[in-house]
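The values are calculated or read from the model by the stated rules, or taken from the named source; none is laboratory data. If you're wondering where the values come from, they're calculated on a predicted model, not measured in any experiment. Backbone-built Cβ (ideal geometry, glycine too); neighbour counts: all protein chains shown. Quick note on the areas: whole protein, heavy atoms, side chains included, nothing else; ligands and nucleic acids left out. Shrake-Rupley method; radii C 1.70, N 1.55, O 1.52, S 1.80 Å.
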Amino acid sequence: TCPKTLVEQDFDLESILETGMSSTDLRIDGETGECATQNITTRSDGLLGIENAESPVEANGTFGARTGIQAKAKQNNPANHEARLGLKFSNWQPVWFAYDVLYTDYENIEIGYGCRNTYDGKFEMFSLVTRDPKPSEEVM
């Protein structure tokens with residue numbers, strides 16, 4: 001089953017948008033591109049828009065065409081000021097996928113974890129988002 005996580009407290013969703021915490025590097029299990037990006041925007045319906053994309057490395061060392069997915073996100077209980085979010089990758093997705101921001105400094109790094117119990121175990125997603133594609137050891 002999915003673990004209960006400790007999340008970022010006093011979470012400020014607006015600060016992520018104000019400081020441009022849309023990253024230049026994202027690694028999620030299953031992504032194979034070398035140049036992965038994540039862009040976060042505010043949608044007209046009040047939700048967040050999230051675009052994850054990656055470019056595969058071609059045999060000649062150049063990057064291929066960028067491919068990606070669109071998602072929407074919401075803060076599950078804004079009054080609690082906890083970094084517990086819900087993600088939907090499709091309008092036909094019946095429930096929001098639980099995604100927790102475990103840590104962020106709002107300027108350099110965000111560490112996230114998502115989990116959903118399934119009939120045969122669980123599906124987990126980990127993310128490390130940094131502003132710099134090659135962050136310093138101090139940031140890491």
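Descriptive notes on the structure:
- Of residues in region 90-99 being open to solvent by less than 80 Å² (accessible area, probe 1.4 Å) and aromatic (Phe, Trp, Tyr), the one nearest to residue 40 (Cα to Cα): 99
- Residues considered: 124, 54, 107. Of these, the only one that is in contact (Cβ under 8 Å) with a residue 40 or more places away in the chain, under 18 Å from the mean Cα position of the chain (by Cα) and farther than 19 Å from residue 11 by Cβ is 124.
- Hey, residue 132 at pLDDT 90 or above and over 15 Å from the mean Cα position of the chain (by Cα) or not: no
- Of all residues in region 11-41, those that are open to solvent by 70 Å² or more (accessible area, probe 1.4 Å) and modelled with pLDDT under 75 total 5.
- Residue check: residue 102 meets all listed conditions (1) surrounded by fewer than 17 Cβ atoms within 10 Å (Cβ to Cβ); (2) within 21 Å of residue 51 (Cβ to Cβ); (3) within 15 Å of the chain's Cα centre (by Cα) but one, namely (2).
- Scanning region 42-51 for residues being open to solvent by less than 40 Å² (accessible area, probe 1.4 Å) and either in contact with a helix residue (DSSP H, G or I) (Cβ under 9 Å, 6 or more places away or on another chain) or more than 28 Å from residue 12 (Cβ to Cβ) (or both) gives a total of 1.
- Looking only at region 66-117, and only at residues there that are of a type in the set (Ser, Thr, Tyr) and touching a helix residue (DSSP H, G or I) at 6+ places or on another chain (Cβ under 9 Å), the one that is modelled with the highest pLDDT: 104
Matching residues to (1) surrounded by 12 or more Cβ atoms within 10 Å (Cβ to Cβ); (2) more than 21 Å from residue 77 (Cβ to Cβ):
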{"site": "108", "(1), (2)": "yes, yes"}
{"site": "113", "(1), (2)": "yes, no"}
{"site": "116", "(1), (2)": "yes, no"}
{"site": "125", "(1), (2)": "yes, no"}
{"site": "140", "(1), (2)": "no, yes"}
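- Identity of the residue in region 60-88, on the phi < 0 side of the Ramachandran plot, touching a residue at least 40 places away in the same chain (Cβ under 8 Å) and in a loop (DSSP other than H, G, I, E, B), that ends up least open to solvent (accessible area, probe 1.4 Å): 83
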